[in-house]
Amino acid sequence: MTIRRMYPTECGKLAKLLYTSVHTLCTNDYTPEELEAWAPLNMDMKKFRLSLMRSLNLVMVDRGEIVGFVCVEGDGYVNRLFTRPDYVRRGVATALMDRVEDWARKRRLGRVRLAASKTGRPFYLKRGYHVAGAERVTRRGVEFENQIMEKYL
């Protein structure tokens, strides 16, 4: 498996991976309505593409297929980390976050921040992130609470 930057032509693949990951891995923590609001089947691809263009986007590739991705903004804010369900617990998210943290260290950002879902929170806690607060967001009329987490580097 290798990590590289996302190619602009891969936005559709990332959207599909995001949808599959959310609707497979998060079913114990969210209702079907919440899952659909978070990752709709018919995602607005123009809006998704624009949001990706504002980030550093890294993909993990295995045998020519994207099996995970992370998006990090210039200030060290991770706005997406998703793994293909059949690659969970195989080191994909760990390797991607290792790369993000190394990138943030080289840029002397001092920390990495993110809004963790209920499903992702245990992963970040094991990596040494701590809860710095909470936020309420509304997507497609459905309200969610995320934990703001950060790790000082």
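Every number in this text was worked out from the coordinates using simple rules, so none of it is lab data. Computed from a prediction, not measured in an experiment: that's the story for all the values here. Cβ placement follows ideal geometry from the backbone for every residue including glycine, while neighbour counts extend to all protein chains displayed.
Straight-distance candidates among the aspartates and glutamates for linking to LYS16, with alpha-carbon spacing under 20 Å and chain neighbours fewer than 8 residues away dropped: GLU33, GLU34, GLU36, ASP44, ASP62, GLU65, ASP86. When you restrict to C-alpha pairs under 8 Å that are six or more residues apart and normalise by the size of the chain, the relative contact order lands at 21 percent. Counting every pair of alpha carbons in the range 1-123, the share spaced more than 20 Å apart comes to 42 percent. Label separation (LYS106 vs GLU33): 4.5 nm, computed from points 7 Å beyond Cα along the C-beta direction.
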